[in-house]
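Enquirer: Here's a structure for you.
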Amino acid sequence: MSLALVQSRALLGLQAPCVTVEVHLANGLPSFTLVGLAEVEVKEARERVRSALQNAGLEFPHNKRITVNLAPADLPKDSGRFDLPIALGILAASGQIDASRLAGHEFAGELSLTGELRPVRGALATSLALQTQQIDVQLVLPPGSAEEAALVPGAQVVRARHLLDVVRAFLPPGSIAGDAKDSASDGWSRLQPRPMAASTSGPDMADVKGQATAKRALEIAAAGGHSLLMVGPPGAGKSMLAQRFAGLLPAMTVSEALESAALASLAGRFRAEAWGQRPTIAPHHSASAVALVGGGAPPRPGEISLAHQGVLFLDELPEFPRAALEALRQPLESGHISIARAAQRADFPARFQLVAAMNPCPCGYAGATQRACRCTPDQISRYQSKLSGPLLDRIDLHVEVPALPAEQLLQASAGETSAAIRERVARARALALARQGKSNQALQGQEIDTQLHLNAGATQFLHSAATRLGWSARSTHRALKVARSIADLAGSPGTELGHVAEAMQYRRVLR
């Protein structure tokens, strides 16, 4: 009888709890049993591990009773990330590698039938969890996953290309194969953390001609972290403006980039070329509520979490299912989403900036000057009523994007560049962070009264206007926070009447 222990990590949100792979070899009828609440893809590891060991020229204990336990037993495990630790556990239990040398290492990787290591999702999230919990271990990963995990500052990451590369690193001392293969080989190499390089690539706001009001609203939204709704006829430029909004936001900090990349890694959508760029997530309007907020077993992040520290663009907003839109209400306020299931609960960050676009009516031309609208008032009312009052109340800026006449579109000069707007936005954000330690959109309760510095004229004007327009307390507070962002863009220490008046024009009420 022999027993071996190998450390790995499960994927449960951004926590990545530790999983101990216990392998027990005993005499008896030959069998290979895998226990520990494993999903189907984990149970299939039995055949992958068996073939990989044999094709790599290693010995598989056919005449033994093999029991593999993934502890803790009540934690669900999925994906093929446990192939490598299971294979190493079998080799350690059968004496082919030195089990004592596995201490201080954690392993993850999917095995091909030839023994090649394939990337797994969640590598960056695992590496970030180890650094957050201050666990001093070396993380052994396949190519692709290793480079991803090495983005975390201070991470100890080793890249292994083949099962044999890992085996050679843990052979018993004095073995010929172990002496012939050192840790600096191509198959087994330690990676250095890669510093984040700021990237400004992407579509430029200079491409957008005209639409001065919409551009101003985008600048205010970027400066204060506000959500935005654009209403206008087809072809007016709503999608074009939204696609360029992320380029107006300040550069990401390392911690923001790591959080965003870790969520993308959990979903298997991390791209190295997008490292350090604020994401723009644009789901189709057929997306369900689960696709937006996340779910599954075990829970995975949805589109709103993948847009964390970036932009969530919802085009054709009324066409989304009602349940999907109403699911946005809580994360818009709190900046995170809690997915509760009968067996477990997962929390994901979701501090995104919502940019939504819609037509004013089913045909799209209500209020347009170029074409006549053919919708009846009842059709327009039904179309706009797809958006609930509580959801509209949570969107800070409402702006109309009219269609430009052909002559104005063709003769207009190039607009202001994204870089110039981003510079003003960065200064405004810096003022807010120095004053209150957070963006204006995140102000709550007494912080609004403390940080706004409203003068008497602005206060009286806002009270009378809010009463006449029938605003809720939330609408009034959101208008105040937008006014504070306008003041920051102007470099004003206080919020004045002009700032409040401009903020109020962005609380557009749909017909």
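The values are calculated or read from the model by the stated rules, or taken from the named source; none is laboratory data. Keep in mind that what you see is a predicted model, and the values were worked out from it rather than measured. Cβ atoms come from the backbone with ideal geometry, glycine included; neighbour counts cover every protein chain shown. Note: areas computed on protein heavy atoms with side chains; ligands, DNA, RNA excluded. Shrake-Rupley method; radii C 1.70, N 1.55, O 1.52, S 1.80 Å.
Enquirer: Suppose every Lys and Arg Cβ carries +1 and every Asp and Glu Cβ carries -1, with no other charges. What dipole size does the range 1-144 come out with about its Cα centre, to the nearest 20 debye?
Expert: That gives a dipole near 160 debye.
Enquirer: Next up: What is the dipole size for the chain, taken about its Cα centre, with +1 at each Lys and Arg Cβ and -1 at each Asp and Glu Cβ, in debye to the nearest 20?
Expert: The dipole magnitude comes to about 940 debye.
Enquirer: Could you point to the residue in Ala428, Gln446, Ala372 farthest towards the positive end of the chain's charge dipole, with +1 and -1 charges on the Cβ of Lys/Arg and Asp/Glu respectively?
Expert: Of the candidates, Ala372 comes out farthest on the positive side.
Enquirer: Continuing with the same structure: Which of the trypsin sites (Lys or Arg not before Pro) found in the range 239-303 are loop residues per DSSP with 16 or fewer other Cβ atoms within 10 Å of their Cβ?
Expert: Arg269, Arg271
Enquirer: Report the gain in length on full extension from Ala430 to Thr132: 0.36 nm times residue separation, minus Cα-Cα distance, nm rounded to one decimal.
Expert: Residue separation times 0.36 nm, minus the Cα-Cα distance, leaves 104.6 nm.
Enquirer: With a cap of 16 neighbouring Cβ atoms within 10 Å, and only residues DSSP puts in a loop, list the GluC sites (Glu not before Pro) found in the range 404-466.
Expert: Sites meeting the loop and neighbour criteria: Glu416.
Enquirer: Find, among the chymotrypsin sites (Phe, Trp or Tyr not before Pro) in the range 293-370, those assigned to loop by DSSP (not H, G, I, E, B) with at most 15 other beta-carbon atoms within 10 angstrom.
Expert: none
Enquirer: Which of the listed residues, Leu497, Ser472, Ala483, is farthest toward the dipole's positive end in the range 465-511, when Lys, Arg count +1 and Asp, Glu count -1 at the beta-carbon?
Expert: Value computed over the given set: Ser472.
Enquirer: Right, something else. For the range 42-184, report the accessible area per residue in Å² (1.4 Å probe, heavy atoms, rounded to an integer).
Expert: Solvent-accessible surface per residue comes out at 38 Å².
Enquirer: Just to be sure I understand the model, the point goes 7 Å from the Cα along the line to the Cβ. What's the resulting Ser464 to Lys209 distance in nm?
Expert: Simple spin-label model gives 4.3 nm for this pair.
Enquirer: Suppose we keep just the DSSP beta bridges with both residues in the range 27-129; what percent of those would be antiparallel, to 5?
Expert: 25 percent
Enquirer: Given a 1.4 angstrom probe, I'd like the percentage of the accessible area of the range 468-511 that is carbon and sulfur, rounded to a whole number.
Expert: The computed percentage sits at 54.
Enquirer: Further question: Based solely on its DSSP helices, what 222 nm [θ] is calculated for the chain when runs of n ≥ 4 H residues each add -39,500 (n - 2.57) and the sum is averaged over all residues, nearest 500 deg cm²/dmol?
Expert: Helix-only estimate at 222 nm: -10500 deg cm²/dmol.
Enquirer: Counting only protein heavy atoms and using a 1.4 Å probe, what share of the accessible area of the range 1-153 belongs to carbon plus sulfur, as a whole percent?
Expert: Ligands and nucleic acids excluded, carbon and sulfur reach 52 percent.
Enquirer: Hey, another quick one. Could you list, in their original order, any pairs among Lys238/Lys481; Lys215/Lys238; Lys438/Lys481 whose Cα atoms are separated by more than 21 Å?
Expert: Too far apart for the 21 Å limit: Lys238/Lys481.
Enquirer: OK, next. Enter the accessible area per residue of the range 264-380 (Å², integer; probe 1.4 Å; all protein chains in place).
Expert: I get 42 Å² per residue for this part.
Enquirer: Just the accessible area per residue of the range 454-511, please: how many Å² with a 1.4 Å probe?
Expert: Counting only protein heavy atoms, the per-residue value for the range 454-511 is 48 Å².
Enquirer: If you don't mind, another one. Leaving out ligands, DNA and RNA, what percent of the accessible area of the range 308-441 is carbon and sulfur, probe 1.4 Å?
Expert: In the range 308-441, the share of accessible area belonging to carbon and sulfur is 54 percent.
Enquirer: Cα centroid distance between the range 329-375 and the range 49-126, in Å?
Expert: For the range 329-375 versus the range 49-126, the Cα centre distance is 44 Å.
Enquirer: For the range 402-501, what is the charge dipole size about the Cα centre, in debye to the nearest 20, if Lys and Arg each add +1 at the Cβ and Asp and Glu each add -1 at the Cβ?
Expert: Its charge dipole is roughly 320 debye.
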